[in-house]
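J.: Below: one structure in structure tokens.
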Number of protein chains: 4
Amino acid sequence: MTQLPDPGPDDPASSEPASRDAADPIRVGVLGARGKVGREVCRAVSAADDTVLVAEVDADGDLDSLLAGGAEVVVDFTHPDVVMDNLRFCVDHGIHSVVGTTGFDDDRLATLRGWLAEAPGTGCLVAPNFSIGAILMMRFAALAAPHVESVEIVEVHHPDKADAPSGTAQRTARLVAEARRAAGRGPGPDATTTSLPGARGADVDGVPVHAVRLRGAVAHQEVVLGGLGETLTIRHDSMDRVGFTPGVLVGVRTVGSRPGLTVGLEEFLDL
Amino acid sequence: MTQLPDPGPDDPASSEPASRDAADPIRVGVLGARGKVGREVCRAVSAADDTVLVAEVDADGDLDSLLAGGAEVVVDFTHPDVVMDNLRFCVDHGIHSVVGTTGFDDDRLATLRGWLAEAPGTGCLVAPNFSIGAILMMRFAALAAPHVESVEIVEVHHPDKADAPSGTAQRTARLVAEARRAAGRGPGPDATTTSLPGARGADVDGVPVHAVRLRGAVAHQEVVLGGLGETLTIRHDSMDRVGFTPGVLVGVRTVGSRPGLTVGLEEFLDL
Amino acid sequence: MTQLPDPGPDDPASSEPASRDAADPIRVGVLGARGKVGREVCRAVSAADDTVLVAEVDADGDLDSLLAGGAEVVVDFTHPDVVMDNLRFCVDHGIHSVVGTTGFDDDRLATLRGWLAEAPGTGCLVAPNFSIGAILMMRFAALAAPHVESVEIVEVHHPDKADAPSGTAQRTARLVAEARRAAGRGPGPDATTTSLPGARGADVDGVPVHAVRLRGAVAHQEVVLGGLGETLTIRHDSMDRVGFTPGVLVGVRTVGSRPGLTVGLEEFLDL
Amino acid sequence: MTQLPDPGPDDPASSEPASRDAADPIRVGVLGARGKVGREVCRAVSAADDTVLVAEVDADGDLDSLLAGGAEVVVDFTHPDVVMDNLRFCVDHGIHSVVGTTGFDDDRLATLRGWLAEAPGTGCLVAPNFSIGAILMMRFAALAAPHVESVEIVEVHHPDKADAPSGTAQRTARLVAEARRAAGRGPGPDATTTSLPGARGADVDGVPVHAVRLRGAVAHQEVVLGGLGETLTIRHDSMDRVGFTPGVLVGVRTVGSRPGLTVGLEEFLDL
């Protein structure tokens, strides 16, 4: 069939995976469509072959346009103050959601899980990071960490960044530390007896993390791992903010077949 | 208990996992003990806390010393001409084996599988590569390949190497290609219209592979992967031949709990 | 003094280095001011403390506005068809020039040299590349090349690039080859006997050059050099097109004190 | 001529550059010939086409064997306690020297300079580092430092190293800082307001230095430099201790044509 389905605002059921033809593009609504990130999402959804942008809603926009457009999946990059209302609306109307908005603590996740339990078939992905490269880097670092003696992290960012080390570096260090503890691995060997203050980096859960601030850099991170006679380096270079859009599209394509709440895009990557 | 068990040559049963005390070091025999590689294995087995070297057999040595020493696990870095006889002996005596000797084709693996089927509880690991770093690199490359647009491989070796690209690079390329095919991914984008011959590397199953030959280098490989706005690099640096010994020890520690034939150390790494 | 000098269009002499106060910002006119590159130049000139933008001229603009603004230095990113007329005008009025426009062959350079010979005190910089990082990379590669056994080049660009290897990589290779010849060094050692076609890269004047095409990459190049037991890597990462503006500013600040024709920004970097 | 000259112990003049035939191999004596380093020097001198090993002297050896062998150049990797006596002997007999022994303070260098002033035509090179790669890295870092906004250093060593950062990293940082001061450049930009202790590395003369300790690593250092939109990385990888021998040979080949005292091999590299 070549004709798009005509869902109509009063027929949200037509957006359910069960009734959709795999050859149809996925109908996507974007919330926060005028924000920096939302704009890129709109562009990416329009450019992809298998998705179609059916609604763009901004700060004072009307969620009903999602229904009018027949949105099957909503992408939400809005604000912690409004995201829960947005998601309540989506769940009520059986619209799947892919959420990059921040501010999700355990309470919010529990609430969301409760709503979804009453809407079987509806999926929601909440993810703090949509960079596929960053997710792979963190995952591989955690997978490799139990098999080597040493792990350290070096991140490099532009010099206008306020925090050091980066949140991603700290998160990576914690995943590495956890994986090593689970495998009964202690901290890496280090015979340093004479050191200038700071030379050996910050200690994040036992993993040394070094932060470089460099004009010309964007956002880069290297996890270096070492065993007898060999080293392994996993490096992620983020050159451009658009790097998150392929991850959003993975979310959009997958969320319809994963009912309930999913936290973290890595769950959709089959690693 | 601090005393080593005295299994005696006529009591091979004592080497079975079920009856061994986890606190006892694993009793290891090394075949090919005077070769370059075997020597390093002997050193590593002796140095580790949880293994003990109980037999060193070389070219014209006697396999019965394995029994005399009460070997539970044998490490075989010998020669394709003798390895099958060695393994026949091991399987017959319920000794697990970790094999780095080359020359295993499908026929040999089938034969070996047959022998092991009749010796329940006995395990054998045949692996072409014991470098944990190289194995992780290949595994991560294959895991990441379906999630990016582009994958290329750059390997760097000392200039005395006869083949280009390296066997590891070719193997990585094939694993990457296979993973992409399985995910329905085609070759990476490439708008090159004007090119000097060789500039874009060798084509290995659709994956471009570049081989650098550099004095001072040992054995290095980088898998570079790229998606919109970001790149991921997985790099392995092999600095020293001893880099394979931690992998051999993983084999020695694990093979006793994995009856039957295992091909490839990656199977023991829980990736 | 806080007031800008008022040179007036009929007093170009006031722009000569001898008469200018070092504390005054340099008065800069930009030709090609509405082009992609020219726009960035205008922004950079306006942003810097020691330069002031006094004229912006585009395709159908009037060069007299340079005089009206009292331009001491002109930056020309225009078109091969008009650049010579622009420079004739500048030389006639004693205005120094920094030129990134392409199309300068030996004839044009000779003509320009002739004009400048008759305008003592006036300087002109013609440069094919204003990236300071790229210039340093090429210079260091040439300086190091005679002191090592092996040199190869790996460049990585976005996959929409039409030529492989890049012009910069080819130019680097030629500089390396020249430096090695001058030092009596032959090609690097290479024992390869079995090779897949293309594996060892393109041969540019005896230097192997490898071109990687990767989504997410911008423009990157690595010169790898190796001697017994050690390697040296010189890597340039160009992340953003604005990377050429610091080089243009170096040109603007220096050209007034270098009368005559200078080819290549490297001449101003005191390497 | 194919016959080696027969200088005889009483004819040191024959070793002077003026009288030697460029086609003759340079006659080299090694002091400290049985030490780890001296042994490698002996091997390298014997292996090179243009040098010949004519004397090997160890701790309790006799310096007269230098004369008996007709040494033109001596390489000294001995001990601070004996090196001055060795050099007194060499200068007295018109033998050039290449010295890697440590412990040269200003007093010793002044003494040495005095001796050489009275032995015109005799050269002596005292160098703390014979790794050509490390010397090039430091030199390039200093050359580039004035032309960029940011410079930081990341060094990676095996985990048995006692000091952090390495001496080479600290020396590089000081050279970078000096070059920036001379060019009127301040410290790199850094907007960090929230930092874990140590994250931003050690401050060496205003240059952040980060020390990674990694099993499998040998000795590696990266100087990262950044300007608007681009970065430059200069990386040195030392894989093997023999990496210093090409530098010693450069010293041996050059010292005869550089009378007087030279401090630092970089002086012989024409950078």
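Each value in this text was obtained by applying a stated rule to the coordinates, not by laboratory testing. All of these numbers come straight from a predicted model, not from anything done at the bench. Ideal geometry is used to build each Cβ from the backbone, glycine not excepted, and the neighbour counts take in all protein chains shown.
J.: Roughly what percent of Cα-Cα pairs across chain D reach past 24 Å?
T.: So the portion of pairs separated by more than 24 Å is 55 percent.
J.: Rank the residues C:L109, B:L232, A:L249 as a footprinting-exposure proxy: fewest other Cβ atoms within 10 Å of their Cβ go first.
T.: If I rank by nearby Cβ atoms, fewest first, I get C:L109, A:L249, B:L232.
J.: How far is D:D24 from the same spot in each other copy, in nm, shortest first, if each label point sits 7 Å from Cα toward Cβ?
T.: Spelled out, the distances from D:D24's label point are 6.7, 7.2, 9.4 nm.
J.: Please report the net charge: other residues with Cβ closer than 11 Å to the Cβ of A:C90, K and R +1, D and E -1.
T.: -3
J.: Among C:A23, C:V91, C:G114, which residue has its Cα positioned farthest towards the positive end of the charge dipole of segment C:17-148, with +1 placed on the Cβ of Lys and Arg, -1 on the Cβ of Asp and Glu, and the dipole taken about the Cα centre?
T.: Positive-end residue among those listed: C:A23.
J.: What does the copy distance list look like for A:T194, label position 7 Å along Cα→Cβ, in nm and ordered from shortest?
T.: Label-point separations across copies, in nm and ascending: 3.8, 5.1, 5.7.
J.: Where nothing but the Cβ of Lys and Arg (+1) and of Asp and Glu (-1) is charged, how large is the charge dipole of segment A:104-203 around its Cα centre, in debye to the nearest 20?
T.: Using Cβ point charges on Lys, Arg, Asp and Glu, segment A:104-203 gives about 240 debye.
J.: Need one number: nm distance between label points at C:D24 and C:R88, each 7 Å from Cα along Cα→Cβ, rounded to one decimal.
T.: 2.9
J.: Net charge within 11 Å of A:R181 by Cβ-Cβ distance, Lys/Arg positive one each and Asp/Glu negative one each, not counting A:R181 itself?
T.: Cβ neighbours under 11 Å give a net charge of +1.
J.: Report the residue of chain A with the smallest Cβ-to-axis distance, using the rotation axis that brings A onto C, in whole Å.
T.: It is A:M239, 3, counting Cβ atoms only.
J.: Which of the three applies to segment A:148-265, rounded, prolate or oblate, going by the alpha-carbon gyration tensor with a ≥ b ≥ c and a/c under 1.5 meaning rounded?
T.: oblate
J.: A follow-up question, please. Kindly put D:T192, C:T193 in sequence by how many other C-beta atoms sit within 10 Å of each C-beta, fewest to most.
T.: Lowest count first: C:T193, D:T192.
J.: While we're looking at this one, here's another question. Normalise the Debye intensity by I(0) for the protein assembly as shown, one equal point scatterer per Cα, no solvent, then take log10 at q = 0.05, 0.09, 0.10 Å⁻¹ and round to two decimals.
T.: So the normalised log intensities work out to -0.41, -1.21, -1.39.
J.: How do C:V250, A:V99 rank when sorted from fewest to most other Cβ atoms within 10 Å of their own Cβ?
T.: Result, fewest neighbours first: C:V250, A:V99.
J.: Given Cβ point charges of +1 (Lys, Arg) and -1 (Asp, Glu) and nothing else, what value in debye, to the nearest 20, does the dipole of the protein assembly as shown about its Cα centre take?
T.: 20
J.: Using the 7 Å Cα-to-Cβ label point, sort the distances from A:G264 to its equivalents in the other copies shortest first and give them in nm to one decimal.
T.: For A:G264, the inter-copy label distances come out at 2.5, 5.1, 5.3 nm.
J.: Another question, if that's okay. With n ≥ 4 as the cut-off for DSSP H runs, can you work out [θ] at 222 nm for chain D, using -39500 (n - 2.57) per run divided by the number of residues, rounded to the nearest 500?
T.: Calculated mean residue ellipticity at 222 nm is -9500 deg cm²/dmol.
J.: I want the local charge near B:A199. Using Cβ-Cβ distances under 13 Å, sum +1 for each Lys or Arg and -1 for each Asp or Glu among the other residues.
T.: -3
J.: Distance between the C-alpha centers of segment D:154-210 and segment B:101-118? Whole Å please.
T.: The two parts, judged by their Cα centres, are 56 Å apart.
J.: Turning to a different aspect of this structure: Determine the alpha carbon to alpha carbon distance for each of A:K161/D:K161; C:K36/C:K161; A:K36/A:K161; B:K161/C:K161 and list only those over 27 Å.
T.: A:K161/D:K161; B:K161/C:K161
J.: State, to one decimal in nm, how far the label point of B:D105 lies from the label point of A:R174, with both points 7 Å from Cα in the Cβ direction.
T.: That separation, rounded to one decimal, is 5.5 nm.
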